[in-house]
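Since the structure comes first, as structure tokens, the remarks are kept for the end.
The values are calculated or read from the model by the stated rules, or taken from the named source; none is laboratory data. Treat the numbers as computed from the prediction; the structure is a model and nothing was measured. Cβ coordinates were reconstructed from backbone atoms using ideal geometry, including for glycine residues, and neighbour counts include every protein chain displayed.
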Amino acid sequence: MKDILPEQAVRWQRLEQTFRSLVGRHGYGEVRTPLLESTELFVREIGEDTDVVSKEMYSFERHEDRLTVRPEGTASAARAYVQHNVAALEPVSRWFYVGPMFRAERPAKGRYRQFHQAGCELYGDPGPACDAEMIDMCAELVGELGVKDFIIHVNSIGSGPTRARYREALAAYFEPHRAALSEDSQRRLTTNPLRILDSKAPGDRELSANAPSVVEVLADDDAQHFAMLRRHLDALKVPYIVDPKLVRGLDYYTRTLFELKITTGQLGAQDALLGGGRYDDMIGNLGSKKAVPAIGFAMGIERVLEVTAREEAKLGPACYLAPMTAEAIGPALVLAKALRAEGHWCEVDGRGLSLKAMLRRANSLGARLALLMGTDELAENQVTVKDLGRHEQERVAIGGLTVAVRARLAMPCVPSELSEKASPGG
Ligand code: HAM
């Protein structure tokens, strides 16, 4: 679990703004759900045999309630969708969320116990067109965030009957190798053989490599859905590959699955920047009167920030107010307040430092203007405006300060080599 200090938070804010703006253009509105939900919700929807539920949830009991700090956002959003009977209000809903999730995983690069997701959920449209549009939106999103080298893996695990057949096929394949499987996978062989495919144990992985592919058992309508999805993805020129081994680690999926992976190797095994899929049965399972199909994805914010450029031009205050005497501090506070009311970022240095020390501080903050107030200025009701971006200074009457500041901030800065060499009029 990590602290995010103000300088790093700037990158988080930019990422969130880009996300909000892009999904906003696709019609997604924000949902904010509690960090705590009943443990039962996650156990039922994510699945008892998944790593998330069996090993990673932070759960506790309080006043007879069994509660869990959310390990993901899909089940919470679906619970809210059903609880507020949103299906009765509109045929299609598009929701997004941004926030912390909690999983007690073994920490590694790109894998944390508190991490943050930006995700979208779309309710009410069963067709492959909206799957394709969402996957395309994901590609556009990471592109806008500065990720260049990535590929999207897509697969279909079919709907109910297909998955039942696939489970049988997997059980038949793994059964003769039972003794070679990890303890978890031996148990899953009986309860949920699909979960063996995302086991991280080396022996399980070796066996999984030759397991039957779900594509072999897809029902006709599932296969049609998948073919249409691929056709739309081709038309949209989405960089994708069909990955028959993609199963994802959550039990709620039906039909379409996808994962966007970076191809630079920067994140080692944690190469999925985002993942998602269709979950057409969840809303019905949660007791909705109407069965409502759904699809969604979530992006790991830490992972995206880890693989995108870090250099950022440091922003500084517009005005750094430097009172040079104790008497000037009060007037400086009043001036700063007036300038902030005009929308400018102002900082007052009331520490009683020397002029030299204050100018050094103004430069290191990246301030554009230093407003100097000494005995002379106070006596004449003026301020010395030192333009650190243009290497110029002028005396300005306090009454005209806001106008002078606005005018200065509108002027471009002059690179220091130029201003040193430039002669008047030259
Ligand atoms: P997920 O694949 O478990 O899916 O997580 C989505 C993304 O969250 C991952 O691709 C990864 O970038 C990030 N992530 C997951 N666990 C960690 C971790 N421990 N540390 C850092 N980042 C992590 C879901 O959560 C589904 N709810 C996605 C979804 C939405 N499916 C349908 N709708």
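Annotations for the structure displayed:
- Residue match in the range 101-120 (condition: outside any strand (DSSP E or B), aromatic (Phe, Trp, Tyr), within 13 Å of the ligand (Cβ to nearest atom) and crowded, with 19+ Cβ neighbours inside 10 Å): yes
- Considered as a group, the residues in the range 121-162 that are within 21 Å of Val86 (Cβ to Cβ) and in a loop (DSSP other than H, G, I, E, B) include one that is farthest from the ligand (Cβ to nearest atom), and that residue is Gly127.
- Look at (1) under 27 Å from the mean Cα position of the chain (by Cα); (2) of a type in the set (Gly, Ala, Ser); (3) surrounded by fewer than 18 Cβ atoms within 10 Å (Cβ to Cβ) and you find that Ala88 fails only one, number (1).
- The residues listed here are Ala367, Ala407, Ala379, Ala397; of these, the one that is at pLDDT 95 or above and surrounded by 13 or more Cβ atoms within 10 Å (Cβ to Cβ) is Ala367.
- Checking each residue in the range 45-68 for being β-branched (Val, Ile, Thr) and either under 26 Å from Lys289 (Cβ atoms) or surrounded by fewer than 17 Cβ atoms within 10 Å (Cβ to Cβ) (or both) picks out only Ile46.
- Pairing residues of the range 282-294 that are under 15 Å from Tyr253 (Cβ atoms) with residues that are assigned to a helix (DSSP H, G or I) and away from the ligand (no atom under 16 Å from the Cβ), at Cβ distances under 9 Å and at least 6 apart in sequence or on separate chains, gives Ile283/Ala87.
- Every condition in (1) within 16 Å of the ligand (Cβ to nearest atom); (2) surrounded by 14 or more Cβ atoms within 10 Å (Cβ to Cβ); (3) over 22 Å from Leu122 (Cα atoms) holds for Phe42 except the one numbered (3).
- Among the residues of the range 143-172, those that are free of Cβ contacts under 8 Å to residues at least 60 places away in the same chain and either exposed (fewer than 14 other Cβ atoms within 10 Å of the Cβ) or more than 18 Å from Leu218 (Cα to Cα) (or both) comprise Gly143, Lys148, Pro161, Ala164, Glu168, Ala172.
- Filtering the range 86-100 to residues that are of a type in the set (A, V, I, L, M, F, W, C) and either within 9 Å of the ligand (Cβ to nearest atom) or in contact with a Lys or Arg (Cβ under 9 Å, 6 or more places away or on another chain) (or both) leaves Ala87, Ala88, Phe96, Val98.
- Meets criteria (buried (at least 17 other Cβ atoms within 10 Å of the Cβ), near the ligand (Cβ under 9 Å from one of its atoms), under 22 Å from Glu56 (Cβ atoms) and in the same structural domain as Leu41 (by TED's automatic domain parsing)) for Leu250: yes
- Every residue from the range 272-292 that is within 13 Å of the ligand (Cβ to nearest atom), buried (at least 21 other Cβ atoms within 10 Å of the Cβ) and not hydroxyl-bearing (Ser, Thr, Tyr): Leu273, Leu274, Gly275, Gly276, Gly277, Arg278, Met282, Ile283
- Picking from residues in the range 197-247 that are assigned to a helix (DSSP H, G or I) and among the acidic types (Asp, Glu), the one that is surrounded by the fewest Cβ atoms within 10 Å (Cβ to Cβ) is Asp220.
- Failed criterion for Ala75 (all others in (1) of a type in the set (A, V, I, L, M, F, W, C); (2) surrounded by fewer than 19 Cβ atoms within 10 Å (Cβ to Cβ); (3) under 22 Å from Arg44 (Cα atoms) hold): (2)
- Qualifying positions in the range 51-85 - more than 16 Å from the ligand (Cβ to nearest atom) and either touching a residue at least 24 places away in the same chain (Cβ under 8 Å) or not in a helix (DSSP H, G or I) (or both): Ser59, Phe60, Glu61, Arg62, His63, Glu64, Asp65, Arg66, Leu67, His84, Asn85
- Residues that are within 8 Å of the ligand (Cβ to nearest atom) and outside any loop (DSSP other than H, G, I, E, B) within the range 253-271 comprise Glu259, Leu260, listed in sequence order.
- Entry remark, the range 29-50: residues being closer than 18 Å to Gly300 by Cβ and out of contact with any Gly (no Cβ under 6 Å at 6 or more places or on another chain) number 2 in total.
- Scope the range 94-153; condition among the charged types (D, E, K, R), more than 24 Å from Arg255 (Cα to Cα) and out of contact with any strand residue (DSSP E or B) (no Cβ under 7 Å at 6 or more places or on another chain); matching residues: Arg103, Arg106, Lys109, Arg111, Glu144, Lys148
- Some residue of the range 8-24 being over 29 Å from Leu145 (Cβ atoms) and either modelled with pLDDT under 95 or not in a helix (DSSP H, G or I) (or both): no
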